[in-house]
Amino acid sequence: MEPLLSLVTNQLVDTFPDAETALDDPDGLLAAGGDLREDSLLTAYAQGVFPWFSEGQPILWWCPAERSVMVPGEHKISRSLRKTLNKAQFNVSLDMDFAGVIDACAAPREKSPGTWITESMRSAYTRLHRAGYAHSVECYIEDELVGGLYGIALGSVFFGESMFSRRSDASKVALVKLSEYLYEWGYGLIDCQIHNPHLSTMGASLIPRSTFLGALRNLTRQSPSKEAWQLSGQRTTND
């Protein structure tokens, strides 16, 4: 475990250990400690590393051996989701209520009473939002926030962090709209981090760490179109 504890708490993280050293841990644990300052987080994401820890733990940094990813515009829409989209019951917006989305993602859930979105995480990503790096997608029914997601945009990659749903299919609609927008804006990849059946049905697939890191090196240096995120604060229907 000694190589994993290579970051010093409360000092700015300029670089991370080679992600391949995470092979020593089956789940991809790379390092512990460091901080959640803007530069530290942006350095981490650019190197394929993300923080994930619980209250009372040091900051833990991860780079899984297999990465769950989606290609913008290549999402899958099931028959039931197509019916939901055709009903156009949701209004979708970007960056209209980042605080509301991250609070909802952090709220305890029926099968998971705890949360990894600690107050320090919430504060850190709120700062990134104010700096223009973190973005949210909201789903509304009238004026009620019923679903959404948030993540980090860096170069032409969107790093998804968390999503929530208070109505059936709300988070799926948010992901579909995000995928469509990112495709229009010239993004090359959506990082879904950890694979699960929900993401799989939406079109996410697993790729090796080395493939992901190779794509990251190119895509984080590319800029999306100037129209990216210009719809922020505007609501549109999901059709």
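Odds and ends about this structure:
- Hits in the range 125-152 - residues which are among the small types (Gly, Ala, Ser) and either more than 14 Å from the chain's Cα centre (by Cα) or open to solvent by 20 Å² or more (accessible area, probe 1.4 Å) (or both): Ala131, Gly132, Gly147
- Matching residues in the range 157-197 - criterion: being closer than 23 Å to Gln230 by Cβ, among the aromatic types (Phe, Trp, Tyr) and open to solvent by less than 30 Å² (accessible area, probe 1.4 Å): Phe158, Phe159, Tyr181, Trp185, Tyr187
- Residues satisfying the stated conditions in the range 1-41, i.e. farther than 12 Å from Leu60 by Cα, at pLDDT 90 or above and part of a loop (DSSP other than H, G, I, E, B): Arg37
- Residues satisfying the stated conditions in the range 42-52, i.e. open to solvent by less than 10 Å² (accessible area, probe 1.4 Å), among the hydrophobic types (A, V, I, L, M, F, W, C) and in a loop (DSSP other than H, G, I, E, B): Val49
- Which numbered condition Ala31 misses (of (1) in contact (Cβ under 8 Å) with a residue 60 or more places away in the chain; (2) aliphatic (A, V, I, L, M); (3) over 16 Å from Gly214 (Cβ atoms)): (1)
- Single residue of the range 61-111 satisfying the filter (in contact (Cβ under 8 Å) with a residue 60 or more places away in the chain and basic (Lys, Arg)) that is least open to solvent (accessible area, probe 1.4 Å): Arg67
The values are calculated or read from the model by the stated rules, or taken from the named source; none is laboratory data. Note that the structure is a prediction, hence the values are computed from the model and not measured. Because the Cβ atoms are built from the backbone with ideal geometry, glycine has one as well, and the counts that use them run over all protein chains shown. Only protein heavy atoms, including side chains, enter the accessible area calculation; ligands, DNA and RNA are left aside. Shrake-Rupley method; radii C 1.70, N 1.55, O 1.52, S 1.80 Å.
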